[in-house]
Amino acid sequence: MQRSFRRSSAELLRLAVPIAAGQVAVIGMTVTDIYMVGQVSTDALAAVQLGGSLWSIAVFIILGIMTGNSPIIGQLYGAGRSGQVRKQFQQVMWISLPLGLLASAVVAAGIVLLPGLDISAEVAGQTQAYLTPFMATAVLLATFFALRTTFEGLGDPRPVMVFNFCAFFLNIPINYLFIHGGLGLPALGGPGAGWGTLVVMVFLFSAMLLYARYSVKLRYLKLYSQFSRPDWSMIGDTLRLGIPIALYITVEYSFFSLIPLFIAHLGAAVVGAHAIALNVDSLAFMVPLGLSHALSIKVAHAIGGGRPKQAREIAITGFKLVWLLAATISVGKLLLSDTIPGWFSDDSATQQIAANLFLFAAVLGAIDCLQIAASGALRGYKDTQIPLLMQVTAFWVIAFPISYTLGLTDLWGEPLGVYGFWIGMLVAVSIAGVLLLSRWNLLSKRFIATAQASSAAPH
């Protein structure tokens, strides 16, 4: 059993590490943008942060819907149906163009509505200029994710990791040139980061297209050969999986992202401390997130190959592994709770509140990892609609009222401020974890029972 756990863990980590590393590279590009723009002016930094929040809405639409492609590709690959893998890839490419245009329209709507927000005309103007190139970036990003989810569904995430790291290093000089000027380019300030992102996306888009065409590993699939017309049945299957995933991501992200709006009146020290704790926690979250994607892929391969018992064993291994890694990271948060806040702020009040929040973050990471791992395993079974309802129930029906009343009202006693919202986050991920793990347990047993009944039936 121990040897089986080690072997299965090693297989999951071979998938998870490139996925997580690629995500870290993407976050690194965002950090680079913020750092460079922060050297320009406070207004420029505010514009990039606001524009980034609006852009993230478009990203979640694309990412969620395209993630539905991964388990479909995974199950077809696990079943050895190369022709269907090629056709599914081509159908998701058909989806990518209108999806990219939809995301582009969301960005355009944000640009039009910005002046109506309670912000200065200078910040609004810079944010609009920053977002303008993202209308083109959105179209390219949709195809990028079509390619990325195909590679990951095939169990080949390394090219995505390599290209993301290349993009990270390319982003540094490109951003500098657009922001500060040079080599004949004018200094665009904060909006220059948006144009730099577009250039980097052109690189990623081209690299992924060429890899799909010329990679020796993928040559047998002939992904671009005999390009099929739109198959509305296959497109519908992808959307039925992808749309709930997009909503699922939005449900959780919106819960976390709206908290600063509710605690803004508590002062800059509180908001700053919350941002420090949440950003560090988000970076640590890349480890369970990478394992979640790996679980989805390996479970899909096993289900596609008609091995539901192995799929369950893979999931159990993944749950154990993700908790061990997350618990280790949580210990690190506890040990560094007084040190890390000083890296981000010189204000003693901010540091003290952030240090307290790191205690909550340590517990949050050890619990949150289980619900994200369970959701990944369920995607491998192509189960997304019921998990979405569970997520909405956990975060918004139950946890949000608890967060709000604990933090800002005297319903439970003295208001706890930001700590009340973090308690609410713990409630949310705990309930989501129990619900999703229960759903996985029932579903995985049902698949095994169905397979056993099928094999026992007379032929």
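Every number in this text was worked out from the coordinates using simple rules, so none of it is lab data. Given the structure is predicted, the values throughout are model-derived calculations rather than measurements. Reconstructed Cβ throughout: ideal geometry from the backbone, glycine too, with neighbour counts over all protein chains shown.
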query: What is the chain's relative contact order, in percent, from Cα pairs under 8 angstrom and six or more apart in sequence?
result: 20
- line: Taking Cα pairs closer than 8 Å and at least 6 residues apart, the relative contact order of region 265-452 in percent is 28
Mean separation of Cα contacts under 8 Å (6+ apart) over length of region 16-230, as relative contact order %: 31
Whole-Hz ³J(HN,Hα) from phi, Karplus 6.51 cos²θ - 1.76 cosθ + 1.60, for region 366-374, glycine and proline x: 6, 9, 4, 4, 6, 6, 6, 5, 5
statement: About its Cα centre, region 265-452 carries a charge dipole, from +1 on Lys and Arg Cβ atoms and -1 on Asp and Glu Cβ atoms, whose size in debye to the nearest 20 is 1340
- prompt: Under unit Cβ charges (Lys, Arg +1; Asp, Glu -1), what dipole magnitude, rounded to 20 debye, does region 16-230 have relative to its Cα centre?
  reply: 1280
- request: Determine ³J(HN,Hα), in whole Hz, for all residues of region 279-288 in sequence, where each value follows from phi through the Karplus function 6.51 cos²θ - 1.76 cosθ + 1.60 and θ = phi - 60°; x replaces Gly and Pro.
  value: 5, 5, 5, 5, 5, 5, 5, 4, 5, x
task: Counting helices only, and only those DSSP H runs with n ≥ 4, report the 222 nm mean residue ellipticity of the chain as the sum of -39,500 (n - 2.57) divided by its residues, in deg cm²/dmol to the nearest 500.
output: -28500 deg cm²/dmol
task: Identify, among Val26, Phe205, His180, the residue whose Cα sits farthest towards the positive end of the charge dipole of region 16-230, taking +1 on the Cβ of Lys and Arg and -1 on the Cβ of Asp and Glu, with the dipole about the Cα centre.
output: Phe205
- prompt: Tally Lys and Arg at +1 and Asp and Glu at -1 over the other residues with C-beta under 13 Å from the C-beta of Met390: what net charge comes out?
  reply: -1
task: With a 10 Å radius around each residue's Cβ, average the other Cβ atoms per peptide and rank 230-237, 87-94, highest first.
output: 87-94, 230-237
- prompt: Between Val202 and Arg229, what is the FRET efficiency for a Förster distance of 30 Å, r being their Cβ-Cβ separation, to the nearest 0.05?
  reply: 0.60
message: Greater than 20 Å separation of Cα atoms is the criterion. Which listed pairs, Lys222/Lys298; Lys217/Lys382; Lys298/Lys382; Lys298/Lys320; Lys217/Lys298; Lys222/Lys382, meet it?
response: Lys222/Lys298; Lys217/Lys382; Lys222/Lys382
- line: Dipole check, the chain, charges on Cβ (K,R +1; D,E -1), about Cα centroid: among Ala16, Gly83, Pro230 the Cα furthest to the positive pole belongs to Gly83
message: Let's see if you can work this out: charge +1 on each Lys and Arg Cβ, -1 on each Asp and Glu Cβ, no other charges. What is the dipole magnitude of the chain about its Cα centre, in debye to the nearest 20?
response: 2740
statement: Expected sort for 392-403, 357-368, 134-145 on mean C-beta neighbours within 10 Å, highest first, is 134-145, 357-368, 392-403
- prompt: Which whole-percent values make up P(r) of region 407-459 when all C-alpha to C-alpha distances are grouped in 10 Å steps starting at zero?
  reply: 21, 24, 18, 15, 11, 8, 3
field: Dipole of region 265-452, positive end: most advanced residue of Ala269, Thr409, Ser330 [Cβ charges, Cα centre]
entry: Ser330
query: Once the Cα gyration tensor of the chain is diagonalised, what are the square roots of 5 times its eigenvalues, in whole Å and ordered largest first, as equivalent ellipsoid semi-axes?
result: 36, 30, 20
- request: Subtract the Cα-Cα distance of Leu102 and Leu324 from 0.36 nm times their separation in residues, and report this length gain in nm to one decimal.
  value: 75.9 nm
query: Under the classification rounded if a/c is under 1.5, otherwise prolate if a/b is larger than b/c and oblate if not, where does region 107-209 fall, given a ≥ b ≥ c as square roots of the Cα gyration tensor eigenvalues?
result: oblate
